[in-house]
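Participant: This is the structure, below, for whatever I ask next.
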């Protein structure tokens, strides 16, 4: 049906840090995709953080789940549909063959310097 074909909403939110902190900016702000598509989410750091960038997925009423750590390493138990790339200040999370269960809020976090924004 047409309603189902609209797919799931992948809500991507980025929260810039305070002055003096490394700020992370995610794009796009949100996207609605059809299951089966490939989705890319970009995270840009205000200064170089080497590969100290981690990706999380949070669903309603659940704690954040670590997907990717150190920019490219997949957490144990995470589907290989999820992959991370990038280094320095520009990073990307890619989700291949999106499933309805992938809906949620995706966050990037830097682990280069405290506070870990």
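Participant: Please give the contour-minus-distance gain from residue 40 to residue 78: 0.36 nm per residue of separation, less the Cα-Cα distance, rounded to one decimal in nm.
Facilitator: 12.0 nm is the gain from fully extending residue 40 to residue 78.
Participant: So what's the Cα pair-distance distribution over segment 41-117, bin width 10 Å, in %?
Facilitator: 20, 53, 24, 2
Participant: Give the calculated FRET efficiency between residue 47 and residue 94 to the nearest 0.05, with a Förster radius of 25 Å applied to their Cβ-Cβ distance.
Facilitator: FRET efficiency, residue 47 to residue 94: 0.60.
Participant: Please give, to one decimal in nm, the separation of the simple spin-label points placed at residue 105 and residue 65, each 7 Å out from Cα toward the Cβ.
Facilitator: 1.7
Read-outs throughout are calculated quantities, based only on the coordinates presented, and are distinct from any laboratory measurement. Keep in mind that this is a model prediction, so the values were computed, not measured. FYI the Cβ positions are ideal-geometry reconstructions off the backbone, even for glycines, and counts take in every protein chain you see.
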